[in-house]
1. Quick one: residue 76 ticks every box in (1) part of a loop (DSSP other than H, G, I, E, B); (2) touching a strand residue (DSSP E or B) at 6+ places or on another chain (Cβ under 8 Å); (3) touching a residue at least 24 places away in the same chain (Cβ under 8 Å); (4) not acidic (Asp, Glu) except a single one, so which number is it?
2. Condition first: in a strand (DSSP E or B), surrounded by fewer than 16 Cβ atoms within 10 Å (Cβ to Cβ) and at pLDDT 75 or above. Can you find one or more residues in the stretch 96-118 that meet it?
3. For the stretch 3-25, which residues satisfy the criterion of being touching a strand residue (DSSP E or B) at 6+ places or on another chain (Cβ under 8 Å), not in a helix (DSSP H, G or I) and not aromatic (Phe, Trp, Tyr)?
4. With the requirement that a residue be within 11 Å of residue 5 (Cβ to Cβ) and surrounded by 15 or more Cβ atoms within 10 Å (Cβ to Cβ), what does the stretch 21-36 give you?
5. Of the residues that sit in the stretch 1-20 and are small (Gly, Ala, Ser) and in contact with a helix residue (DSSP H, G or I) (Cβ under 8 Å, 6 or more places away or on another chain), which one is surrounded by the most Cβ atoms within 10 Å (Cβ to Cβ)?
6. Could you please tell me which pairs satisfy a Cβ distance under 9 Å, a separation of 6+ or placement on different chains, a first residue in the stretch 129-143 that is open to solvent by less than 10 Å² (accessible area, probe 1.4 Å), and a second residue that is basic (Lys, Arg)?
Amino acid sequence: SCLAPWTEYDGKYCFLFSSMLGITHTWWDAQEYCHAHGWLNDLAVIRRDLEEYLIIADFMHTHSLNEMWVGASDLTSNKQWLWTDNTLVELTSPIWECGAPSSSTWRNCGALSSFTNATWLSGFDRKHLQDQDCERELFFVCQKDVHGSE
């Protein structure tokens, strides 16, 4: 099980939503915060089945959040996007905002953002992954497996 302030979902994952604590950070500081507050945890990773995406997007919608850091970046090699667990972020994934990621050399960190002109999901207020300036102060979401909880 997940200890507070972590929240358990589906018996698989623990999430810590910094907005519940009123904390914003740059992408790097958010990743450090995640490491400092648990065992085997990072900024959230969205896997192929999009289960994590649905949990995070639903939380963002419920709490009227427009933007939140997740664990995607191309900091190690420009244009090679990796999750914090070192798995590849698929550039063809439907979670990317239309036109993202940009070819910018200064927008190297991933955030889920509100994007109302969604082309792959019908409906209002869907969240999409986009590349952002890592220095922006945003809410963030940490993630760990339930079995990795302390």
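1. (3)
2. For the stretch 96-118, residues in a strand (DSSP E or B), surrounded by fewer than 16 Cβ atoms within 10 Å (Cβ to Cβ) and at pLDDT 75 or above: absent.
3. Across the stretch 3-25, the qualifying residues are 5, 7, 8, 12, 14, 16, 23, 24, 25.
4. 23
5. 18
6. Hits for this filter: 131/107; 134/107.
The values are calculated or read from the model by the stated rules, or taken from the named source; none is laboratory data. As the structure is a computational prediction, the values presented were derived from the model and not from experiment. Positions of Cβ are backbone-derived with ideal geometry, glycine not excepted, and every protein chain shown enters the neighbour counts. The protein model used for the area step is the full one, side chains on, heavy atoms only, and it has no ligands, DNA or RNA in it. Shrake-Rupley method; radii C 1.70, N 1.55, O 1.52, S 1.80 Å.
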